[in-house]
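Heads up, the thing below is written out as structure tokens.
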2 protein chains.
Amino acid sequence: MTQETPQIAARESAAPVQIDDGAPVDAVADIVVVGGGGGGLPAALFSRWLGDEVILLEKAPELGGTARKAAFWYWVPNNAAMRAAGVEDREEDFLRYVARLSRPHQYDPASPTLGLSEWEYTMCKAVYESASPATELLREQDALVYRHCEGVPDYWAELPEDKAPTGRVLVPSDARETMSDGGQVGIRTMSAAARRDGIDIRTSHRVQRLVTDDDAVVGVEASTPDGMSHRVLARKAIIFATGGFTHDKELRQNFLNMPVFGGCAALTNEGDFIRIGSSAGAQLRNLNYAWMCPIPLESAVAGRADMSGMFSVAGDSMIFVNKHGKRVVNEKLQYNELAQAFFTWDPQTGEYPNLVLIQIWDQASQANSASDEYGRLIVPPGADDDHVITGATLEELAAGIADRLAKYAGVTGGLKLSDDFVDTLRATIERFNGFAARGVDDDFHRGERAVQLLFNGVVRDEPERGNPTMWPISDSGPYYAALVTGGTLDTKGGPKTSPDGQVLDDMDRPIPGLYGVGNCVASASAQAYWAGGATLGPIIGFAYRAANAAHAEPARQTAASAGT
Amino acid sequence: MTQETPQIAARESAAPVQIDDGAPVDAVADIVVVGGGGGGLPAALFSRWLGDEVILLEKAPELGGTARKAAFWYWVPNNAAMRAAGVEDREEDFLRYVARLSRPHQYDPASPTLGLSEWEYTMCKAVYESASPATELLREQDALVYRHCEGVPDYWAELPEDKAPTGRVLVPSDARETMSDGGQVGIRTMSAAARRDGIDIRTSHRVQRLVTDDDAVVGVEASTPDGMSHRVLARKAIIFATGGFTHDKELRQNFLNMPVFGGCAALTNEGDFIRIGSSAGAQLRNLNYAWMCPIPLESAVAGRADMSGMFSVAGDSMIFVNKHGKRVVNEKLQYNELAQAFFTWDPQTGEYPNLVLIQIWDQASQANSASDEYGRLIVPPGADDDHVITGATLEELAAGIADRLAKYAGVTGGLKLSDDFVDTLRATIERFNGFAARGVDDDFHRGERAVQLLFNGVVRDEPERGNPTMWPISDSGPYYAALVTGGTLDTKGGPKTSPDGQVLDDMDRPIPGLYGVGNCVASASAQAYWAGGATLGPIIGFAYRAANAAHAEPARQTAASAGT
């Protein structure tokens, strides 16, 4: 990519333009879907299968968005496979589980909405009602065929509110055994179905703004890398599914509840619908929370498109320590929770002492747990290992860590190892080794939850041990280390929508013709990451509802006549 | 207040209306200021003194807003009193101090903007340049005469970046010795000046929306409690100074970085300019952070208009414990930092274990430290003490606390005392008493910073002791307790403005005719509470800049002719 031929057009003003301004119209369809990832492809497919003409505009040169990088688990309450297997998942139980986690501080089983706002409650009900029928339709149409991950637990499976702790997770059926390529499979099969069924797909089209007719949204203007502007009108509705704002630093810093360094969303997720939706008078909601995960510091700072979130921290003789050489977190926590650890604020010193944690492992974990899947940092020979720091002794390792941190002082507030790092690290290892020998982590309860075993990765075969997440760290080198911080899969705030995807204005009235689904709009999950696939399962359900609601809109003659 | 005669009109749609819609015009001025508190009164005064005709619209029945409830410290770098006293406060030092605290994780002394964004950096420079001249003009015009609090330290006075650790704080000169009525004094004198100098003040006018002429903002529509709508036009500009969104639960939950229970801002601070500014295409920034303080749980849940934030936690034989009976924080931290402690997330249990902390004190603190100022919970005889729980023994006290917590289970996620609360509390007291006897808090460093002594309140006279913030808690009753949580003075996010108060659209272009200052717009302080008065000092500076920029706008003939 050179300056002369950018792959993606630069951002322009999001201020809406009026339909009667005389600009030429390039194309018209019943439904225009913006974004061709895990929300946009299903929305386009559902619309097409209802009989609507569909144009899909994607900003990147290819389809897939963030979902293509994911394992593409999708969490579907009361799904057909559960029902077939006789696993009960009642709506009232589902709602209690999600309410308990989304607003834990106001969860109230006696409240009609369980302590959620009315909006959150109806959105959660919509997930229960529609994720499964949506999923089944995708399967029946051969667009997204799944296999049931009947043993995968929810991320809070042990809570008393979780009455269906396993069984809600599906994955594309052709994904490999470890499931890490699920996103490639799911995007491939949905894209093939979209082409097969006549969806007009236009990549490298960056939607810049809305076209309005008085208060109604009737189209969009997109620009292509050649600098051309394209006006595309919709007879019925525009459905945005353009992802969050992970890669817009200003929005991250001004909206998110933690100072994250970026994340593993597609690089095109720059908050476009925050700006475009705002310009149409949409309310913004849930801006403060994100789908979070640890990320390798160095890849995040470099803005690497191929960066994976650390969804599974492998290794048993492995710990995270902070700049003081202290463990501060259970390294095997589910990723969304693990990511919170980096942002502890020290009101005494005025700093984030855990902003960068250092993953440290020994030769045994290197030999037994290396993998290049799920963002693991213990990688096999031949894999990209620029992030790995090595040392024959702990002293050597610490010197290497200090050098590496110095490179990033400008973006970490000058974070460096404390003078007593090695001594404290030695004491930390000694304490951890005691826990590992007993199989019980007195400090952070490592390995005590089902989800922690799920994401433990491959470890050495030790048939007798009770806790496979821990093993004593060797008292001799070589040792290995890498820098870790907190980031986002993607954000989950944006314009507020009805349960049918209608974008709402400041009085909660739908903005005519404007819909949104996925990470570009406000999630009712608030702070929670309910389970693996709690992103894509609900999104597919909302895409189904939005497509149905948009289909029911009267076709506008103005839009049609203007363009044809 | 009854249903039939509300004091404040209900919120209506914020969608702008066009000037040419034929609606009658009620009034016209050069400048229309919206909000009559700590931002609006100075903005109106500065405008008037430039020769502009000014109408000031206030939502509440009286002027004052949040500032009237405050001590009205105002933090003014390099102020005239410092200069007169020979205290050096150079711009480059000031900028390092604020950058270090606002974005601590990216503070970089080698960066041209010190790690701040360009916008944040220029906003901070504007504070340094304008807060002092603005302050002096208010003084010269006899609108706000101050006395210099030359000994009051900044909240992070010990940081090496603070080269002027004392001297930046001013307070209205007629405030009492303890300064707690500074807000009443400041609002009274500024209001008197506004009336003296011919500002047209209209209270009980709730601004609902903007009036636009194409893309320019030329007026507002306000409604009064009688249900009437009033169109007020401005020849030059509208300046919003309407406060934050502390009292809009939906906005709090969807924007703030912590699940706060409300706060001590004026009850009229409901985020009006979030909605009105958004509807004009403004970008929103710094939505995630707030000016924070501990608040009494029960007053917050009741939504009491007279609630004060807990700016000074008095008492030496006094501790905060959580539901397990454990101390978790330095009780004497400056309020903004202390408030963070309530929102620690436990990823193991999925709860906020410190969401409600329990202040516990003995008879000695009751006798020596009672006060009804600054939101203190140890109140003197005769004061409102509904929040106080008493017990002759720790067991009796715990029973009272448990009963009280049960009343609030619906809004605290069912928070209750753990079974071993009393045993743990006893051990906690024993440990604290050891610290108190030695004068050193090994766990949380109570009393080690200047600001902690500043806010310690009155304690018994013990000439010999080194640390006046601690004293052993008696081993016999009576004991006292009260429930505390975290809240906001007010929020600090909203539309992004230029350093001259011009509200900016998504391409950082000023929206013609629209200005904003104060807590209704985005603060460049990000997460920081630099010092006491770091709210009002900069706000006065920005009001001065906005008034000057608005004065320089060409007077619109359309607006003038429409209204006269």
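The values are calculated or read from the model by the stated rules, or taken from the named source; none is laboratory data. This structure is a prediction, so every number in the text was calculated from the model and none was measured. So basically every Cβ, Gly included, is an ideal-geometry build from the backbone, and we count neighbours across all protein chains shown.
Miscellaneous remarks
- Filter pass, B:Gly262 being more than 20 Å from B:Ala222 (Cβ to Cβ) and either among the β-branched types (Val, Ile, Thr) or more than 12 Å from chain A (Cβ to nearest Cβ) (or both): yes
- Against the criterion of being within 14 Å of chain A (Cβ to nearest Cβ), in contact with a Pro (Cβ under 9 Å, 6 or more places away or on another chain) and under 22 Å from B:Val388 (Cα atoms), B:Thr497 does not qualify.
- Criterion: within 14 Å of chain B (Cβ to nearest Cβ) and among the polar types (S, T, N, Q) - qualifying residue of A:Ser278, A:Ser299: A:Ser278
- Among the residues of the stretch B:380-402, those that are part of a loop (DSSP other than H, G, I, E, B) and either acidic (Asp, Glu) or at negative phi (or both) comprise B:Pro380, B:Pro381, B:Ala383, B:Asp384, B:Asp385, B:Asp386, B:His387, B:Val388, B:Ala392, B:Thr393.
- Close pairs from the stretch B:358-369: first touching a residue at least 12 places away in the same chain (Cβ under 8 Å), partner part of a helix (DSSP H, G or I), Cβ under 7 Å, at least 6 apart: B:Ile358/B:Ile401
- Selected residue [of a type in the set (Phe, Trp, Tyr) and more than 14 Å from chain A (Cβ to nearest Cβ)] from B:Tyr408, B:Tyr335, B:Tyr352, B:Tyr374: B:Tyr374
- The single condition among (1) under 24 Å from A:Leu454 (Cα atoms); (2) out of contact with any Cys (no Cβ under 7 Å at 6 or more places or on another chain) that A:Leu144 does not meet is (1).
- Inter-residue pairs, beta-carbon under 6 Å, first of a type in the set (D, E, K, R) and in the stretch A:100-119, second at pLDDT below 95, 6+ apart: A:Asp108/B:Gly410
- Matching residues in the stretch A:17-31 - criterion: being assigned to a strand (DSSP E or B) and in contact with a Ser or Thr (Cβ under 8 Å, 6 or more places away or on another chain): A:Val17, A:Gln18, A:Val28, A:Asp30, A:Ile31
- Check on B:Thr428, in contact with a Lys or Arg (Cβ under 9 Å, 6 or more places away or on another chain) and away from every other protein chain (no Cβ under 14 Å): yes
- Only a single item in (1) more than 14 Å from every other protein chain (Cβ to nearest Cβ); (2) more than 21 Å from A:Gly35 (Cβ to Cβ); (3) assigned to a loop (DSSP other than H, G, I, E, B) is not met by A:Tyr480, and it is number (3).
- Filter result for A:Val220 (away from chain B (no Cβ under 14 Å) and either touching a helix residue (DSSP H, G or I) at 6+ places or on another chain (Cβ under 8 Å) or more than 24 Å from A:Leu355 (Cβ to Cβ) (or both)): yes
- Checking each residue of the stretch B:468-476 against the condition of being at pLDDT below 95, among the aromatic types (Phe, Trp, Tyr) and not in a strand (DSSP E or B) gives no match.
- B:Leu267 vs. criteria surrounded by fewer than 23 Cβ atoms within 10 Å (Cβ to Cβ), of a type outside the set (Lys, Arg) and either more than 10 Å from chain A (Cβ to nearest Cβ) or out of contact with any strand residue (DSSP E or B) (no Cβ under 6 Å at 6 or more places or on another chain) (or both): yes
Let's see how each residue does on (1) touching an Asp or Glu at 6+ places or on another chain (Cβ under 8 Å); (2) under 26 Å from B:Ala392 (Cα atoms):
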{"site": "B:Val451", "(1), (2)": "yes, no"}
{"site": "B:Arg460", "(1), (2)": "yes, yes"}
{"site": "B:Ser474", "(1), (2)": "yes, yes"}
{"site": "B:Asp500", "(1), (2)": "no, no"}
{"site": "B:Asp505", "(1), (2)": "no, no"}
{"site": "B:Pro512", "(1), (2)": "yes, no"}
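- From B:Leu405, B:Leu377, residue being surrounded by 20 or more Cβ atoms within 10 Å (Cβ to Cβ), part of a loop (DSSP other than H, G, I, E, B) and touching a strand residue (DSSP E or B) at 6+ places or on another chain (Cβ under 8 Å): B:Leu377
- Comparison of B:Leu56, B:Leu101 shows that the only residue that is of a type in the set (A, V, I, L, M), within 14 Å of chain A (Cβ to nearest Cβ) and outside any loop (DSSP other than H, G, I, E, B) is B:Leu101.
- Residues of the stretch A:530-554 that turn out to be surrounded by fewer than 24 Cβ atoms within 10 Å (Cβ to Cβ) and touching a residue at least 12 places away in the same chain (Cβ under 8 Å), as a count: 5
- First in the stretch A:455-480 and within 24 Å of A:Phe311 (Cβ to Cβ), second anywhere and basic (Lys, Arg) and surrounded by 20 or more Cβ atoms within 10 Å (Cβ to Cβ), Cβ under 8 Å, 6 or more apart: A:Phe455/A:Lys332; A:Asn456/A:Lys332; A:Gly457/A:Arg376; A:Asn467/A:Arg446; A:Thr469/A:Lys332; A:Thr469/A:Arg446; A:Met470/A:Arg446
- The requirement of being part of a loop (DSSP other than H, G, I, E, B), more than 13 Å from A:Pro77 (Cβ to Cβ) and of a type in the set (A, V, I, L, M) is fulfilled nowhere in the stretch A:161-168; no residue meets it.
- Output for the stretch A:370-427, where each listed residue is farther than 23 Å from A:Phe261 by Cα and in contact with a His (Cβ under 6 Å, 6 or more places away or on another chain): A:Thr424
- Residue satisfying all of: in the stretch A:432-452; without any contact (Cβ under 8 Å) to a residue 40 or more places away in the chain and part of a helix (DSSP H, G or I); nearest to A:Met310 (Cα to Cα) among these: A:Phe435
- Among the residues of the stretch B:409-426, those identified as more than 16 Å from B:Asp362 (Cα to Cα) and touching a residue at least 24 places away in the same chain (Cβ under 8 Å) are B:Val411, B:Thr412, B:Gly413, B:Leu415, B:Lys416, B:Leu417, B:Ser418, B:Asp420, B:Phe421, B:Asp423, B:Thr424.
- Qualifying residue in the stretch B:230-247 (condition: free of Cβ contacts under 8 Å to residues at least 60 places away in the same chain and either out of contact with any helix residue (DSSP H, G or I) (no Cβ under 7 Å at 6 or more places or on another chain) or facing chain A (nearest Cβ under 9 Å) (or both)): yes
- Out of A:Asp93, A:Asp89, sole residue that is in a helix (DSSP H, G or I), more than 14 Å from chain B (Cβ to nearest Cβ) and either surrounded by fewer than 22 Cβ atoms within 10 Å (Cβ to Cβ) or at pLDDT 95 or above (or both): A:Asp93
- Candidate set from the stretch A:223-254 (those that are charged (D, E, K, R) and part of a strand (DSSP E or B)); member that is surrounded by the fewest Cβ atoms within 10 Å (Cβ to Cβ): A:Arg231
- On inspection, A:Ala110 fails the criterion of being within 14 Å of chain B (Cβ to nearest Cβ), in a loop (DSSP other than H, G, I, E, B), surrounded by fewer than 20 Cβ atoms within 10 Å (Cβ to Cβ) and within 23 Å of the chain's Cα centre (by Cα).
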